[in-house]
Amino acid sequence: MKRIAVIGSTGSIGQNTLDVIARNPERLQLVGLAARSRIDLLAKQWAQFSPPYLAVLDADKAKQLSAQITPHPVWSGTEGLVKLATHPDVDLVVVAALGSELLVPIVRAIQAGKQIALASKELLVMAGGLIMRLVREHGTRLIPIDSEHAALFQCLHGVEPAQVSRLTVTGSGGSLWNVPPEALASVTRQQVLAHPKWQMGPKITVDSATLMNKGLEMIEARWLFDIPLERISVVIHPEAVVHAIIELVDGTLLAQMSLCDMRLPIQYALSFPDRWSSSLPRLDVTRLSALRFFEPPLERFPCLRLALEAAAQGESACITLNAANDVAVQAYLDDHIPFTEIPRIIAETLEQHERVTHPTLDEILSLDALARRTAKERIHQWSTR
């Protein structure tokens, strides 16, 4: 029986994780839930699963939830997330939420020897070197839930590193991949958020439209699988059936294919090293009419180009990239900037970046905060011009 804590249980990944746990009661036990602020849904999840431990990042919301479910205690803030992630009753922590404030809890969980199932690519983009070093030092395991990296993880399982020539991350191309560049300035919010294959939160859906998500995923793959960035590529695959491909030194390709259902990579992360049967929908290859693959043009997707440039500069540039993108996307979602301003805000923030080699945890957090301030300044300048 694996004892699971889910950080970010109210988001789409978190809700799918709870579905997987509910389908496997003889194998998985939910012992902890955490959310940022959606306490109404968190209270319903607590009532359904009755886990002994609860945490809410927002301190005021934590007080409100505690009052609703008195006398059950609710931990709050970063300290509360750390307390949950490192608790002796927890075997595996599912990190199903986004946000730089999750870095300290995941670091502390790894230091406590917890296994990690990670859905947040942003954490490895901003601190991949640190996180993977700690995983090795503390003899634990980090398994990706992000669909493309879960696919790579499965393809690479049992393959000697020296046999691997190249990793390929696929992507549907998001909602705008076939929209002409001259039409991007007039795309609507509805168009941007209408992802053709996945039901996701607004931030990752915007990242999918800009292809920043693929740039972040290349950086994530570099750390997860310890392979140079020049041996990692991205292709647009509109059908979203093939989630990743590895090329071996003899030219053989191994691919992972499945329907677009996040419960599949989640279950594998929770079951690893075993593979459990499931009643989830299956892919019927006889119904596939075509599988198309396109190389994304960098001039059409400046955010992908910026991600590759930041990755070439080093870890501190990736921290800056991730923070600037986070701020710019939120500004777009808040109607402070148009869609086409997102890459410009990121580029101008990166221009202010000063390189730090092998940043420590404190330096990572400081660089992240500085980049966020710089990006907000650029957004303010744009809005007042």
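The values are calculated or read from the model by the stated rules, or taken from the named source; none is laboratory data. These numbers come from a predicted model, not from an experiment. Neighbour counts run over all protein chains shown; Cβ positions are idealised from the backbone, glycine included.
Can you name the condition, by its number, that M200 falls short on among (1) part of a loop (DSSP other than H, G, I, E, B); (2) over 17 Å from the mean Cα position of the chain (by Cα)?
Here M200 clears every test but (2).
State whether one or more residues within segment 201-208 are hydrophobic (A, V, I, L, M, F, W, C) and modelled with pLDDT of 95 or more.
Within segment 201-208, none of the residues are hydrophobic (A, V, I, L, M, F, W, C) and modelled with pLDDT of 95 or more.
Starting from segment 331-346, keep only residues that are in a loop (DSSP other than H, G, I, E, B), then list their pairs with residues that are modelled with pLDDT under 90 and surrounded by fewer than 20 Cβ atoms within 10 Å (Cβ to Cβ) whose Cβ atoms are within a distance under 8 Å, requiring at least 6 positions of separation or different chains.
Close Cβ pairs (under 8 Å, with a partner that is modelled with pLDDT under 90 and surrounded by fewer than 20 Cβ atoms within 10 Å (Cβ to Cβ)) amount to H336/S383; I337/W382; I337/S383; P338/A185.
Determine if segment 10-23 includes at least one residue that is of a type outside the set (D, E), surrounded by fewer than 15 Cβ atoms within 10 Å (Cβ to Cβ), closer than 27 Å to R263 by Cβ and touching a His at 6+ places or on another chain (Cβ under 9 Å).
Checked segment 10-23: no residue is of a type outside the set (D, E), surrounded by fewer than 15 Cβ atoms within 10 Å (Cβ to Cβ), closer than 27 Å to R263 by Cβ and touching a His at 6+ places or on another chain (Cβ under 9 Å).
Output the residues belonging to segment 182-197 that are loosely packed, with under 12 Cβ neighbours inside 10 Å and outside any loop (DSSP other than H, G, I, E, B).
Passing the criteria: E182, A183, A185, S186, Q190.
Here is a list: S233, S278. Which entry is touching a residue at least 40 places away in the same chain (Cβ under 8 Å), under 24 Å from L176 (Cα atoms) and of a type in the set (S, T, N, Q)?
On inspection, the qualifying residue turns out to be S233.
Residue-wise test of (1) out of contact with any helix residue (DSSP H, G or I) (no Cβ under 8 Å at 6 or more places or on another chain); (2) in contact (Cβ under 8 Å) with a residue 24 or more places away in the chain; (3) within 16 Å of A117 (Cβ to Cβ).
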| residue | (1), (2), (3) |
| --- | --- |
| S9 | no, yes, yes |
| P25 | yes, no, no |
| G32 | no, yes, yes |
| S37 | no, yes, no |
| L42 | no, yes, no |
| W46 | yes, yes, no |
| A67 | yes, no, no |
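So which residues in segment 236-258 are part of a loop (DSSP other than H, G, I, E, B) and farther than 30 Å from V179 by Cα?
Filtering segment 236-258 for residues part of a loop (DSSP other than H, G, I, E, B) gives 237-241, 249-252, 258.
Hits for segment 236-258 are V249, D250, G251, T252.
Among the residues of segment 107-124, what is the count of those that are under 20 Å from W75 (Cα atoms) and touching a residue at least 40 places away in the same chain (Cβ under 8 Å)?
1
Which of the residues belonging to segment 353-385 are polar (S, T, N, Q), more than 21 Å from G128 (Cβ to Cβ) and either touching a Pro at 6+ places or on another chain (Cβ under 8 Å) or at pLDDT 90 or above (or both)?
T374
Is it true that some residue in segment 298-315 is outside any helix (DSSP H, G or I), modelled with pLDDT under 90 and not acidic (D, E)?
Looking for residues that are outside any helix (DSSP H, G or I), modelled with pLDDT under 90 and not acidic (D, E), one finds at least one in segment 298-315, hence yes.
Pairs under 6 Å by beta carbon, first residue closer than 9 Å to L123 by Cα in segment 94-106, partner buried (at least 24 other Cβ atoms within 10 Å of the Cβ) and small (G, A, S), six or more apart or different chains?
Note: pairs meeting the criteria are L98/S120; L103/A127.
So Q267 clears everything in (1) part of a helix (DSSP H, G or I); (2) more than 30 Å from R27 (Cβ to Cβ) except one condition, right? Which one?
Result: Q267 fails condition (2) only.
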